1. Taking the conditions exactly as written (away from ligand 2 (no atom under 16 Å from the Cβ), surrounded by fewer than 18 Cβ atoms within 10 Å (Cβ to Cβ), under 19 Å from residue 385 (Cβ atoms) and not hydroxyl-bearing (Ser, Thr, Tyr)), does residue 215 satisfy them or not?
2. Any idea how many residues of the stretch 152-179 are under 11 Å from residue 131 (Cα atoms), within 16 Å of ligand 1 (Cβ to nearest atom) and surrounded by fewer than 21 Cβ atoms within 10 Å (Cβ to Cβ)?
3. Under 6 Å between Cβ atoms, at least 6 apart or on separate chains: pull out the pairs that start in the stretch 176-199 with a residue that is under 15 Å from residue 101 (Cα atoms) and part of a strand (DSSP E or B) and end on any residue that is aliphatic (A, V, I, L, M) and away from ligand 2 (no atom under 16 Å from the Cβ).
4. Any chance the stretch 137-147 includes a residue that's touching a residue at least 40 places away in the same chain (Cβ under 8 Å), within 15 Å of ligand 2 (Cβ to nearest atom), surrounded by fewer than 19 Cβ atoms within 10 Å (Cβ to Cβ) and assigned to a loop (DSSP other than H, G, I, E, B)?
5. Tell me whether the stretch 52-62 contains one or more residues that are touching a residue at least 24 places away in the same chain (Cβ under 8 Å), within 16 Å of ligand 2 (Cβ to nearest atom), surrounded by 15 or more Cβ atoms within 10 Å (Cβ to Cβ) and under 20 Å from residue 284 (Cα atoms).
6. Checking residue 227 against (1) part of a loop (DSSP other than H, G, I, E, B); (2) hydrophobic (A, V, I, L, M, F, W, C); (3) within 14 Å of ligand 2 (Cβ to nearest atom), only one condition comes out false. Which one?
7. Which is modelled with pLDDT under 95 and either more than 17 Å from residue 230 (Cα to Cα) or of a type in the set (D, E, K, R) (or both), of 335, 367, 282?
8. Counting only residues that are surrounded by fewer than 24 Cβ atoms within 10 Å (Cβ to Cβ) and more than 19 Å from residue 372 (Cβ to Cβ), how many does the stretch 8-48 have?
Amino acid sequence: MNILVIGGGGREHVLAKKLSKSPLVEQVFAIPGNDAMTHVAEVHSEIAETEHEKIVTFAQEHKIQWTVIGPEQPLTEGLADRLRKAGVKVFGPNKAAAQIEGSKSFAKQLMAKYDIPTAEYQEIDTKTDALRYIEQCELPIVLKKDGLAAGKGVIIAETREAARDAVETLYPDENSKVVFEQFLQGEEFSLMTFVNGDYAVPFDTIAQDHKRAYDHDEGPNTGGMGAYCPVPHIGQDVLDVTNERIAQPIARALQEEGYHFFGLLYIGAILTEEGPKVIEFNARFGDPEAQVLLTRMESDLMAHIIQLEAREPINMSWKEDSVVGVMLASKGYPNAYEKGHVVTGFESDIDHYFVSGLKHDGTSYVNAGGRVILAIGEGDTIADAQREAYRRVEQVKSDALFYRKDIANKAL
Ligand code: AMP
Ligand code: GLY
């Protein structure tokens, strides 16, 4: 089979790599891909992920059987719908179902209606009401902009003053859609779930991301600064409850409301004293969770996608090893950062890195995005994997990057 992967980051790098190893797969193509994934895919960066018509034509010309869409943007813009209309199979939800990620308000309403555990919330559509609300709400308060924000649309305000600033930021005008949420305390984890309508099969292992930019979970929220799996201190009992109270009910809820979700549903959960609650849903694999989970997955992802399509049992298997991934990001990220600085040291060991924001300028690789490259370590224990990951971080040479030094510490 020929497979097309849409997207150009580290998640798509691992998707292309994992799919290329499947005995079912002949050739993997990537649009737009990136310059560092040519060892696992034929990269077509002349097409952008926003050019839906060109993607459809490409898929037809290259006899693509399955397209796997990595990022949220093309999903919420309806690329899956467009490809399906042209007869191409797609792993990834249609535009209507992708709202589960694209609209916080949609997701919150659905959870409320179907009694799925999540933070209490209120949606406030005007700045005047928001300013009134924050004068008397409980603190800390969480503000979430409706719509996609690459992990950067969430502000946790600990004081009224910070809440006022947050309102100024999230309401550029009087009218804006913002969800105000109760602050939940606990450890976060990410559970990937295969979903086809009301048939939902969660991965039987979870990952943990590190959302804040700096060590000890300080600094602004990012897309994710590092991840690891498995998470030994969050046990099977938590997975079972998350499946029973969140994964199965949300799949049934979507189906009942007339949405057909086919793809990967990411459950971002937090383990509170009252059990796991939903922080967010995403309509695709997490980045960098995918990089560690799919590195650890032993079974065939392509076979699982086909099993999901047929609603057959999906029996995943995993390496005994633990996997840790540490993100190197451009200094300044998630705010403004400089591009064009040389990054070297990883090329000869590309099997242990996943590239998000690098470009080859003809002579060398230079940073071209906020999150740049994820260094991977594998080992018998989390500690071993962590040591390996940081050894590979040290091999990357650049004066333009930074990273967190405490990825996976919670599991030690
Ligand atoms: P989201 O984009 O909704 O995943 O939010 C980004 C990050 O903000 C999450 O990964 C959490 O670390 C934090 N966060 C979001 N909502 C809450 C909440 N209700 N309580 C505590 N932390 C939250
Ligand atoms: N790493 C979190 C996300 O992909 O949304």
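The values are calculated or read from the model by the stated rules, or taken from the named source; none is laboratory data. Since the structure is predicted, the reported quantities are computational estimates derived from the model, not experimental observations. Neighbour counts run over all protein chains shown; Cβ positions are idealised from the backbone, glycine included.
1. So residue 215 passes the test.
2. Looking only at that region, the number is 0.
3. What qualifies is 178/124; 178/143; 178/170; 193/200; 193/247; 195/251.
4. So far as the stretch 137-147 goes, yes, one or more of its residues are touching a residue at least 40 places away in the same chain (Cβ under 8 Å), within 15 Å of ligand 2 (Cβ to nearest atom), surrounded by fewer than 19 Cβ atoms within 10 Å (Cβ to Cβ) and assigned to a loop (DSSP other than H, G, I, E, B).
5. Within the stretch 52-62, not a single residue is touching a residue at least 24 places away in the same chain (Cβ under 8 Å), within 16 Å of ligand 2 (Cβ to nearest atom), surrounded by 15 or more Cβ atoms within 10 Å (Cβ to Cβ) and under 20 Å from residue 284 (Cα atoms).
6. (1)
7. Working: 367 fails: modelled with pLDDT under 95; 282 fails: modelled with pLDDT under 95.
Residue meeting the stated conditions: 335.
8. 15
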